[in-house]
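The values are calculated or read from the model by the stated rules, or taken from the named source; none is laboratory data. The structure displayed is predicted, hence computed values, not measured ones. Note that we place each Cβ from the backbone using ideal geometry, even for glycine, and neighbour counts take in every protein chain shown.
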Amino acid sequence: MHAWVDAADAAAATPLLAVDKENLDAVCALFGAEVRRWCTAHAFAGEPGRFVLVPGKDGAPAAVLAGCDRRDALFGLATLPLRLPEADYALDPRGLILDETDAALGWALGSYQFTRYRKAPRKAARLAIGASTAKTVRPIVDATFRVRDLVNTPTEDMGPEQLAGEVRDLAGRFGASYREWVGDELLASNFPTIHAVGRASHRAPRLAELTCGPADAPHLVLIGKGVCFDTGGLDIKPADGMRWMKKDMGGAAHAIALAELVLHAQLPVRLTLLVPAVENAVGGNAYRPGEVIRTRGGLTVEVDNTDAEGRLVLCDALAYAGEQKPDMILDFATLTGAARVALGPDLPALFANRDDVADALLAAARETSDPLWRLPLWRPYLALLDSYIADFTNAGGSRHAGAITAALYLERFVPEAVSWCHLDVYLWNDGEKPGRPRGGEAQGLRAYFAMLRKRYA
């Protein structure tokens with residue numbers, strides 16, 4: 001599954017030597033002058049992402065020379081699993097010395113293929129790694145693949161019920177408690193904004209909750225935006241803006257995967273996972289621009305734009321989490337196009353109400369090569385959400401600072417005494433990148449898990 005083979009079983013593996021422009025000549029000299037000529041004939045100069053097969057006397061490859069950026073150990077070999085001939089390969093120390101953990105992770109991420117609806121075009125080449133490395137890396141790979149699989153699945157097969165089912169299945173695997181509120185149960189239990197956003201769909205909105213861990217342990221709450229498809233509602237999106245809205249539940253996918261990592265690692269916390277799962281659909285009973293909703297937190301919100309639905313489904317979940325006075329709340333959401341305009345698709349926008357937590361996350365991001373970028377909770381921008389009939393609006397009329405105002409909206413539902421981080425994340429690769437195939441992607445997952453391991457060690 002992860003395109004690995006145990007190093008102990010890989011005696012016949014083909015040597016793989018990582019090279020760059022600086023060490024190519026020295027590596028070629030190990031095999032003889034004819035190999036240097038072979039590289040020249042194939043216009044190979046050690047460029048990252050390229051490779052040559054060194055021919056053996058029997059016609060089989062004697063080795064692989066793989067171009068690699070020594071500054072990018074994680075993704076340096078990530079293009080190879082689906083390009084090299086299907087066989088076993090082993091890192092050869094005569095090339096660049098790469099960290100085995102990073103190499104194994106990058107290799108596995110580069111082997112991913114989404115096969116729910118079609119057969120894999122080919123099998124991945126396998127990298128020989130040690131058993132201890134596999135034990136360390138496998139949970140991260142599994143969690144990343146879970147995010148990718150969930151986001152890549154079309155809404156017909158990943159609607160609110162199926163998404164909540166992922167939480168229920170996770171609870172079952174780890175012996176956690178599970179409950180959910182469905183349809184009008186949301187209104188009866190005071191989750192009005194979740195209900196409002198999802199009420200127009202033929203598939204009922206719901207809130208899924210997983211709880212696990214001792215009551216006296218630090219309480220960690222993970223919340224993920226689970227908008228399984230976003231038409232924009234009555235403020236309907238244009239066709240090009242709607243095309244990939246199956247991915248609007250990516251925040252929920254991220255929270256589910258992170259919860260699985262926390263449970264697998266048995267971190268000493270009381271864990272709560274909350275996934276508000278809805279479709280933002282168009283219908284006769286769709287919520288309308290100009291409506292005023294009294295939220296679970298008691299604040300009233302005027303609906304300025306039905307396409308700013310993510311903050312609505314999150315605010316009731318945040319208020320519910322805050323009632324439990326946890327140690328920390330982390331929420332994840334494909335929330336604003338403004339974050340993408342500001343930072344592009346590769347840099348998730350991090351907002352935090354505690355500098356120490358933000359600093360810990362940014363440090364973990366650097367350590368794991370899983371980038372994050374902090375944006376400010378600039379509170380003077382709260383005025384951009386002013387309403388003349390309610391406590392505030394869900395969007396406001398200004399085009400300025402959209403990611404910041406969305407985060408400020410969410411912050412109003414978090415108690416000041418609680419540490420809180422919000423990640424506005426894209427969770428999608430628009431094209432092919434080393435180790436990051438087109439489609440759903442986990443972003444910030446490794447960084448968040450590394451931070452949590454340190455915080456709750």
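Criterion applied to 82, 74 was being more than 24 Å from residue 21 (Cβ to Cβ) and either more than 24 Å from the chain's Cα centre (by Cα) or touching a residue at least 40 places away in the same chain (Cβ under 8 Å) (or both), and the one residue passing it is 82. Taking region 320-373 as the range and being more than 11 Å from residue 403 (Cβ to Cβ), assigned to a helix (DSSP H, G or I) and of a type in the set (D, E, K, R) as the test, the residues that pass are 323, 355, 356, 359, 366, 367. How do the pairs read when you match residues in region 197-209 that are touching a residue at least 12 places away in the same chain (Cβ under 8 Å) with residues anywhere that are of a type in the set (S, T, N, Q) and assigned to a loop (DSSP other than H, G, I, E, B), using Cβ under 6 Å and keeping only pairs 6 or more apart or on different chains? Short answer, once both residue conditions are applied: 199/285; 200/285. Can you tell me which of 241, 298, 284, 322 is on the phi > 0 side of the Ramachandran plot and surrounded by fewer than 21 Cβ atoms within 10 Å (Cβ to Cβ)? Unique residue meeting the criteria: 298. Annotation note: Cβ proximity below 7 Å between a residue of region 1-17 that is within 24 Å of residue 120 (Cβ to Cβ) and a residue that is among the hydroxyl-bearing types (Ser, Thr, Tyr) (sequence gap 6+ or interchain) occurs for 2/111; 3/111; 13/89; 14/89; 16/89.
For (1) modelled with pLDDT under 95; (2) within 24 Å of residue 436 (Cβ to Cβ); (3) in a loop (DSSP other than H, G, I, E, B); (4) not assigned by TED's automatic domain parsing to the domain that holds residue 370, each residue gets a yes or a no:
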{"residue": "18", "(1), (2), (3), (4)": "no, yes, no, yes"}
{"residue": "39", "(1), (2), (3), (4)": "no, no, no, yes"}
{"residue": "43", "(1), (2), (3), (4)": "no, no, yes, yes"}
{"residue": "57", "(1), (2), (3), (4)": "yes, no, yes, yes"}
{"residue": "83", "(1), (2), (3), (4)": "no, yes, yes, yes"}
{"residue": "109", "(1), (2), (3), (4)": "no, yes, no, yes"}
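A residue that is touching a Gly at 6+ places or on another chain (Cβ under 7 Å) and either surrounded by 15 or more Cβ atoms within 10 Å (Cβ to Cβ) or over 26 Å from residue 86 (Cβ atoms) (or both) occurs somewhere in region 27-41.
Among the residues of region 79-115, write down those that are farther than 18 Å from residue 52 by Cβ and in contact with a Pro (Cβ under 9 Å, 6 or more places away or on another chain). Scanning region 79-115 gives 106, 107, 108, 109, 110, 111, 112, 113, 114. Could you please find all residues in region 273-322 being within 18 Å of residue 218 (Cβ to Cβ) and either in contact with a Gly (Cβ under 9 Å, 6 or more places away or on another chain) or not assigned by TED's automatic domain parsing to the domain that holds residue 213 (or both)? Within region 273-322, 273, 274, 322 qualify.
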